[in-house]
Amino acid sequence: MALPEVCEKFQRESPLLGLRFSRAYTELIDAWLVGLYDEVFGSTPGVALVATGGHGRSELCPASDLDLTLIHTGGVTVSDAEAFWYPLWDSGKRVGHSVRTVDEALELAKSDIPTATALLSCRPIAGSTDLAAALARKAASQWSSSPKRSLTVLLDSVELRQRTAGEVPFDLEPDLKEGRGGLRDVHALEWALAADPSLEIARRSDLEAAYETLLAARIELHRVTSRTGDRLLLQEQDEVAARLGAENADQLMAQVAMAGRRIAWSADEAWADVREQLSAGMFRRSRKPREVGPGIDLVAGRVELRDGPGATGGSMVDLALAAGRERVRMSRQSLEWLRDAPAVADPWPVATREDFIALLLLGHDAIDVIETLDIAELWCRLIPEWEPNRSRPQRNAYHRFTVDRHLLECVAQAAGIAQRVGRPDLLMMGALLHDIGKGYPGDHALVGRELAATIARRM
């Protein structure tokens with residue numbers, strides 16, 4: 001059976017979902033490739049067919065490219081290569097293909113990060129297993145031989161991608177693969193660990209559930225649309241939700257958002273550590289703590305509570321404000337201490353309220369800080385009424401973000417004009433709470449008015 005018919009039949013009939021689908025689908029295609037390889041090359045020595053990238057990870061989705069390289073020791077002719085590639089091209093499948101010696105592949109990887117990272121997951125399909133193993137071993141060794149350089153170029157590529165691909169946790173039509181918090185962020189963490197295994201950052205195993213959620217959605221998106229593209233558009237969300245057994249598209253998109261938040265936060269934490277390591281050199285130098293707030297020091301690129309076990313309810317706001325002002329992250333140990341701290345007094349102390357408004361007035365610099373508090377299950381301790389709005393989708397053409405991110409984006413916009421009004425505190429709280437009722441039954445404007453009054457009295 002021709003490859004298109006093999007793939008179409010499997011995509012149409014397979015009951016498998018997520019990673020189980022990818023594994024089985026990859027095995028199906030690999031078996032077809034082995035047959036083609038045997039027809040063209042037979043037992044020719046010094047040749048191997050290897051899969052790289054997502055194909056090498058055995059995570060093919062229905063519209064994925066087949067990432068393939070013919071590795072050889074000098075005995076593959078142009079006619080041999082064309083005899084192998086033409087049936088693939090004729091099949092209509094998108095094929096990322098190359099014919100190289102091991103040395104040629106390694107030389108390209110020195111200057112091309114997509115090649116370097118793709119080779120980190122190279123896997124033999126047919127031919128000489130020794131040749132394929134040599135490529136895998138040497139590619140990994142080359143990547144890890146200069147960890148500072150590898151991490152620097154990797155970090156640059158991550159930052160560029162995240163600036164252009166949007167955000168999985170908050171976009172109403174997220175790019176499941178390339179967006180911040182998407183599948184590619186998990187791959188990038190794996191590549192960072194391949195460069196420096198001593199990094200204390202999230203592993204794939206730590207993010208497996210979130211990764212599976214996004215991968216399953218991506219697979220069903222491809223099955224629904226029968227086309228390339230990883231942006232889950234509004235008009236496709238209902239059918240993808242149904243195929244994945246979700247109650248409705250809102251439930252699906254909430255699951256996608258929560259998975260994206262988990263991945264994005266883990267990636268942000270990791271890259272903050274990498275930046276600090278790169279700025280300090282590959283071996284950390286001792287840095288003297290610098291006081292940046294009451295009982296708060298800046299240490300190794302993070303703000304932390306000096307007397308952590310003695311943290312109070314107001315310490316959370318103090319720490320968040322310091323992080324926003326310094327544009328750094330909060331130490332993980334401090335976040336743990338804050339989970340055990342007592343709640344802020346009711347009503348709030350004046351100093352805590354003023355610091356909270358000061359945090360909001362930081363605008364966009366406050367968003368990542370608040371997101372960290374939310375991931376750490378701390379933000380809703382300040383505003384319990386926020387809970388129903390977390391990762392809540394707004395599936396209409398008038399909004400770009402989930403409810404919670406929409407509120408924070410409004411805060412950031414309001415901060416830019418706060419100096420024009422007599423009561424910046426009222427402006428900021430109005431921006432923060434104007435849609436707080438959307439997570440509750442009833443008219444969100446009326447419900448939100450009552451919620452805002454309750455919150456304001458408590459503050």
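The values are calculated or read from the model by the stated rules, or taken from the named source; none is laboratory data. Computed from a predicted model, the values in this text were never measured in an experiment. Because the Cβ atoms are built from the backbone with ideal geometry, glycine has one as well, and the counts that use them run over all protein chains shown.
Numbers below:
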| read-out | value |
| --- | --- |
| Criterion violated by residue 278 - all others in (1) more than 14 Å from the chain's Cα centre (by Cα); (2) hydrophobic (A, V, I, L, M, F, W, C); (3) buried (at least 17 other Cβ atoms within 10 Å of the Cβ) satisfied | (3) |
| Any hit, region 323-331, residues being surrounded by 19 or more Cβ atoms within 10 Å (Cβ to Cβ), of a type outside the set (Lys, Arg), within 16 Å of residue 357 (Cα to Cα) and in contact with a Ser or Thr (Cβ under 9 Å, 6 or more places away or on another chain) | yes |
| Number of the exception - residue 385 against (1) closer than 28 Å to residue 336 by Cα; (2) of a type outside the set (Val, Ile, Thr); (3) out of contact with any Leu (no Cβ under 6 Å at 6 or more places or on another chain); (4) part of a helix (DSSP H, G or I) | (3) |
| Matching residues in region 151-177 - criterion: being crowded, with 17+ Cβ neighbours inside 10 Å and assigned to a loop (DSSP other than H, G, I, E, B) | 166, 168, 169, 170, 172, 174, 176, 177 |
| Unique residue being assigned to a loop (DSSP other than H, G, I, E, B), of a type outside the set (S, T, N, Q) and free of Cβ contacts under 8 Å to residues at least 12 places away in the same chain when the list is 62, 15, 45 | 15 |
| Conditions (1) in a helix (DSSP H, G or I); (2) more than 27 Å from residue 100 (Cβ to Cβ); (3) out of contact with any helix residue (DSSP H, G or I) (no Cβ under 7 Å at 6 or more places or on another chain): number failed by residue 136 | (2) |
| Single unsatisfied condition, residue 168 versus (1) under 30 Å from residue 44 (Cα atoms); (2) assigned by TED's automatic domain parsing to the domain that holds residue 258 | (1) |
| Residue within region 90-103 that is touching a residue at least 12 places away in the same chain (Cβ under 8 Å), over 26 Å from residue 27 (Cβ atoms) and among the polar types (S, T, N, Q) present | yes |
| Region 223-244 - residue that is among the hydrophobic types (A, V, I, L, M, F, W, C) and either in the same structural domain as residue 400 (by TED's automatic domain parsing) or surrounded by fewer than 17 Cβ atoms within 10 Å (Cβ to Cβ) (or both) and, of those, farthest from residue 167 (Cα to Cα) | 242 |
| Criterion (part of a helix (DSSP H, G or I), modelled with pLDDT of 95 or more and closer than 28 Å to residue 219 by Cβ) met by exactly one of 30, 38 | 30 |
| Candidates 90, 130 - the one that is at pLDDT below 95 and either assigned by TED's automatic domain parsing to the domain that holds residue 78 or part of a strand (DSSP E or B) (or both) | 90 |
| Among (1) aliphatic (A, V, I, L, M); (2) surrounded by fewer than 17 Cβ atoms within 10 Å (Cβ to Cβ); (3) touching a residue at least 24 places away in the same chain (Cβ under 8 Å), the one test that residue 116 misses | (2) |
| Matching residues, region 40-70, being in contact with a Pro (Cβ under 9 Å, 6 or more places away or on another chain) and of a type outside the set (A, V, I, L, M, F, W, C) | 53 |
| Any hit, region 188-197, residues being part of a loop (DSSP other than H, G, I, E, B), assigned by TED's automatic domain parsing to the domain that holds residue 260, at positive phi and not charged (D, E, K, R) | no |
| Checklist (1) buried (at least 19 other Cβ atoms within 10 Å of the Cβ); (2) over 33 Å from the mean Cα position of the chain (by Cα); (3) outside any loop (DSSP other than H, G, I, E, B) applied to residue 76, failing item | (3) |
| First in region 293-320 and crowded, with 17+ Cβ neighbours inside 10 Å, second anywhere and part of a loop (DSSP other than H, G, I, E, B) and acidic (Asp, Glu), Cβ under 8 Å, 6 or more apart | 295/307; 311/340 |
| Count of residues meeting criterion [part of a helix (DSSP H, G or I) and out of contact with any Leu (no Cβ under 9 Å at 6 or more places or on another chain)] in region 353-363 | 3 |
| Sole exception among (1) assigned to a helix (DSSP H, G or I); (2) in contact with an Asp or Glu (Cβ under 7 Å, 6 or more places away or on another chain); (3) over 13 Å from residue 259 (Cβ atoms) for residue 218, by number | (3) |
| Total residues in region 79-92, condition within 35 Å of the chain's Cα centre (by Cα) and surrounded by fewer than 16 Cβ atoms within 10 Å (Cβ to Cβ) | 3 |
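A quick yes/no check of all residues on (1) over 30 Å from residue 154 (Cα atoms); (2) not assigned by TED's automatic domain parsing to the domain that holds residue 200:
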| residue | (1), (2) |
| --- | --- |
| 246 | yes, no |
| 251 | yes, no |
| 292 | yes, yes |
| 329 | no, yes |
| 339 | yes, yes |
